[in-house]
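> Submitted below is the structure of interest, expressed as structure tokens.
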Amino acid sequence: MRNFFKTYGLFIVFMVVALIALEYLVQSDIIPAFIVPAPTDVVIHIIENWRPLIFEHLGATMLEFAIGFILAVVGGVGLAVSMFFSKTIEKMLYPAVLISQMIPIIALSPIFVLWFGYTIWSKVAVTILMSFFPIVVGAYDGFKSTDKDYIELLRSMGASKRQIFTKLNIQMAFPSFFSGLKIAIVYSLVGATIGEWLGASEGLGYYSRRMSGDLNADGVFAAIVILTIVGIILFALTAMLEKRTLRWKETE
Amino acid sequence: MTLLLKNVTYTFPKEKKPIISDLNLKIEKGEFVSLIGKSGTGKSTILKLITGLLKQALGEITINGQPISLGDVGYMPQKDLLLPWRTVMDNIMIGAEIQKDLQLTKEDARNWLKRVGLIDYEQALPNQISGGMRQRVAFLRAMLTGKEVLLLDEPFGALDSITKKEMQAWLLSIWQELDKTIVFITHDLEEASYLSDRIILLKQYSVEEIEVPLHRPRHADMLHSSELVGLRRELEKKI
């Protein structure tokens, strides 16, 4: 706990001061409330609407996020493994993975709506597109980062390519894989929200868009605050998993 | 058991001149042979050829008349290369995981850890133990592959002189007990003289074999004997 305050103490103090200043500026009409709402108004909005916000909208966003993220991890790791074992697959697909990142996702999303309609799958597709890349690159670069000396050592013992992969490459890939995963988990949530902005009937992205149409800044910010908190929690959970998995790195 | 290198020539890819050309070596069962020579004379390359990691362009390498293949000998590279996520015990057991026919139980491994003073570190990670301990674990890993021939590439190069002396005594005692054949690379001429039956001096395009005139068993007092000091001087001139 002490460490936590040592690391984040200054940031927390800064945020508290900034929120108090904002509250003052809005309450005293220096900034109009429809531009930036007072922090207390956002909290009141969340408290008054917590049932639909959490159960209906956050639930829908989380479902899209979870399906998209899991598919991206399974597909991304699968592709990274295939590219690692087959030069042909690598040469054929690696450029395509790179190019997929150059596409402006906002522009592509209406096409997903065209393909999948207003079902959950148009949102899942945006989520996958957002998070696939850091997972593939993290895992693939990780597999390839294996030190040649270690490979030689295992080969000298008569290890097969498969044994080298399971005993060496996978472990060696974890640090790079987790770096990708931490980016991907945050991107996934952003992806689900973007998907909802472009066409949905529930979810926090849809909620904030509807509130924005009503010029209800409290509502827009309420959705943003919830999404941010969820994003931080997901990131922290991934970082914890990373720490557990890579315990051997800590003593280095 | 005889390890035989016959007319072995090896050239690195993209290089024109061979690093090893027409090398002939015969190493008998139970011998302790050291390879010495300046950097770039191909010492480590010879060990990699014997393991099968590199393939010679010409010539043949055999054990008991059979061409060698990967997994036939125990190999300990320069760096200890312990897998950092595996405990000391799991590092030692990796040979048995790879070669399914290897009869090595955790109980055997534990007995060895006891003998080398590492039993309290069975569950420690490599980063939690000292350099000398890591070398011992790496040595056990190579030795417990159960192969008759052990190739040791400068195993004590990075150790301080006191630890090095301890490790030398320790290696000699294990070698004498287990009757292994050891091919040992070192830059330390005293170490080569003290440990070996025979020293192979590699120069570019020539090889010289020198018998060590010390009797067995060796002990630390011999380090100051006139034979060893004389031999070391001779090697210094020749290298």
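> Regarding B:GLN176, is this residue in contact (Cβ under 8 Å) with a residue 12 or more places away in the chain, open to solvent by less than 50 Å² (accessible area, probe 1.4 Å) and farther than 30 Å from B:ASP22 by Cα?
Working: in contact (Cβ under 8 Å) with a residue 12 or more places away in the chain: yes; open to solvent by less than 50 Å² (accessible area, probe 1.4 Å): no; farther than 30 Å from B:ASP22 by Cα: yes.
Here the answer is no, as B:GLN176 does not meet what is asked.
> Can you pull out the strands (runs of 3 or more DSSP E) entirely within region B:1-64 that have at least 1 residues that are open to solvent by 50 Å² or more (accessible area, probe 1.4 Å)? I'd like the intermediate steps shown before the answer.
Values: elements: B:2-10, B:20-28, B:32-37, B:58-63.
Ranges flagged: B:2-10, B:20-28, B:58-63.
> Could you give me the residue pairs with C-beta distances under 7 Å whose first residue belongs to region B:37-50 and is assigned by TED's automatic domain parsing to the domain that holds B:ILE63, whose second residue is basic (Lys, Arg) wherever it lies, and which are 6+ apart or on separate chains?
Note: pairs meeting the criteria are B:GLY37/B:LYS43; B:GLY37/B:LYS203; B:THR41/B:LYS203.
> Hey, any hits in region B:228-235 for a residue that's surrounded by 19 or more Cβ atoms within 10 Å (Cβ to Cβ), of a type outside the set (A, V, I, L, M) and under 22 Å from the mean Cα position of the chain (by Cα)?
no
> Here's something else I'd like to know. Determine which member of the set A:GLY203, A:GLY231 is at positive phi and touching a residue at least 24 places away in the same chain (Cβ under 8 Å).
Unique residue meeting the criteria: A:GLY203.
> Scan region B:65-84 for residues that are within 11 Å of another protein chain (Cβ to nearest Cβ) and either at positive phi or open to solvent by 40 Å² or more (accessible area, probe 1.4 Å) (or both) and jot them down.
B:SER69, B:LEU70, B:GLY71, B:ASP72, B:GLN78, B:LYS79, B:LEU81
> In the set A:ALA139, A:ALA159, which member is modelled with pLDDT of 95 or more and within 14 Å of another protein chain (Cβ to nearest Cβ)?
Working: A:ALA139 fails: within 14 Å of another protein chain (Cβ to nearest Cβ).
None of the others qualify; the one that does is A:ALA159.
> Continuing with the same structure: I want to confirm something. Restricting to region A:166-183 and keeping residues that are open to solvent by 20 Å² or more (accessible area, probe 1.4 Å) and closer than 27 Å to B:LEU150 by Cβ, which single residue is nearest to the other protein chains (Cβ to nearest Cβ)?
A:GLN171
> Being acidic (Asp, Glu) and open to solvent by 20 Å² or more (accessible area, probe 1.4 Å) is the filter here, so list the residues in region A:187-243 that pass it. Full working, then the answer.
The initial filter retains those residues of region A:187-243 that are acidic (Asp, Glu), namely A:196, A:202, A:214, A:218, A:242.
If the condition is that a residue be acidic (Asp, Glu) and open to solvent by 20 Å² or more (accessible area, probe 1.4 Å), then A:GLU202, A:ASP214, A:ASP218, A:GLU242 are the ones that fit.
> Further, regarding this structure: Among the listed residues B:LEU82, B:LEU47, identify the single one that is out of contact with any Leu (no Cβ under 8 Å at 6 or more places or on another chain) and not small (Gly, Ala, Ser).
Just one listed residue meets the conditions, B:LEU82.
> Would you confirm, using the coordinates I've provided, whether A:LEU168 is over 23 Å from A:LYS87 (Cα atoms), modelled with pLDDT of 95 or more and not basic (Lys, Arg)?
no
> Say whether the condition of being under 19 Å from B:ILE50 (Cα atoms) and open to solvent by 40 Å² or more (accessible area, probe 1.4 Å) is met by at least one residue in region B:210-225. Write out each step before concluding.
To start, the set of residues in region B:210-225 that are under 19 Å from B:ILE50 (Cα atoms) comprises none.
No, the conditions are met nowhere in region B:210-225.
> Of the conditions (1) surrounded by fewer than 19 Cβ atoms within 10 Å (Cβ to Cβ); (2) more than 11 Å from every other protein chain (Cβ to nearest Cβ), A:LYS148 satisfies every one except a single condition; which number is it?
Of the numbered conditions (1) surrounded by fewer than 19 Cβ atoms within 10 Å (Cβ to Cβ); (2) more than 11 Å from every other protein chain (Cβ to nearest Cβ), the odd one out for A:LYS148 is (2).
> Which count do you get for residues in region B:85-96 that are open to solvent by less than 20 Å² (accessible area, probe 1.4 Å) and facing another protein chain (nearest Cβ under 9 Å)?
Adding up the residues that qualify gives 2.
> Could you look through region A:100-132, keep only residues that are free of Cβ contacts under 8 Å to residues at least 40 places away in the same chain and in contact with a helix residue (DSSP H, G or I) (Cβ under 6 Å, 6 or more places away or on another chain), and pick out the one that is nearest to A:SER176 (Cα to Cα)?
Among those residues, the one meeting the criterion is A:GLN101.
> Given the structure, is B:LEU201 surrounded by 14 or more Cβ atoms within 10 Å (Cβ to Cβ), assigned to a strand (DSSP E or B) and under 15 Å from the mean Cα position of the chain (by Cα)?
no
> Continuing with the same structure: Go through (1) at pLDDT below 95; (2) more than 14 Å from chain A (Cβ to nearest Cβ) one by one and return the number of the condition B:ILE27 breaks.
Here B:ILE27 clears every test but (1).
> Among the residues of region B:107-148, which ones are closer than 18 Å to B:GLU177 by Cβ, away from every other protein chain (no Cβ under 12 Å), aliphatic (A, V, I, L, M) and not in a loop (DSSP other than H, G, I, E, B)?
Those that are closer than 18 Å to B:GLU177 by Cβ, away from every other protein chain (no Cβ under 12 Å), aliphatic (A, V, I, L, M) and not in a loop (DSSP other than H, G, I, E, B): B:ALA109, B:LEU113, B:LEU140, B:MET143.
The values are calculated or read from the model by the stated rules, or taken from the named source; none is laboratory data. It should be emphasised that the depicted structure is a prediction, and the values quoted were computed from it without experimental measurement. A quick note on method: Cβ atoms are made from the backbone with ideal geometry, for glycine too, and the neighbour counts reach across all protein chains shown. All accessible areas refer to the heavy atoms of the entire protein, side chains included, with ligands and DNA or RNA removed. Shrake-Rupley method; radii C 1.70, N 1.55, O 1.52, S 1.80 Å.
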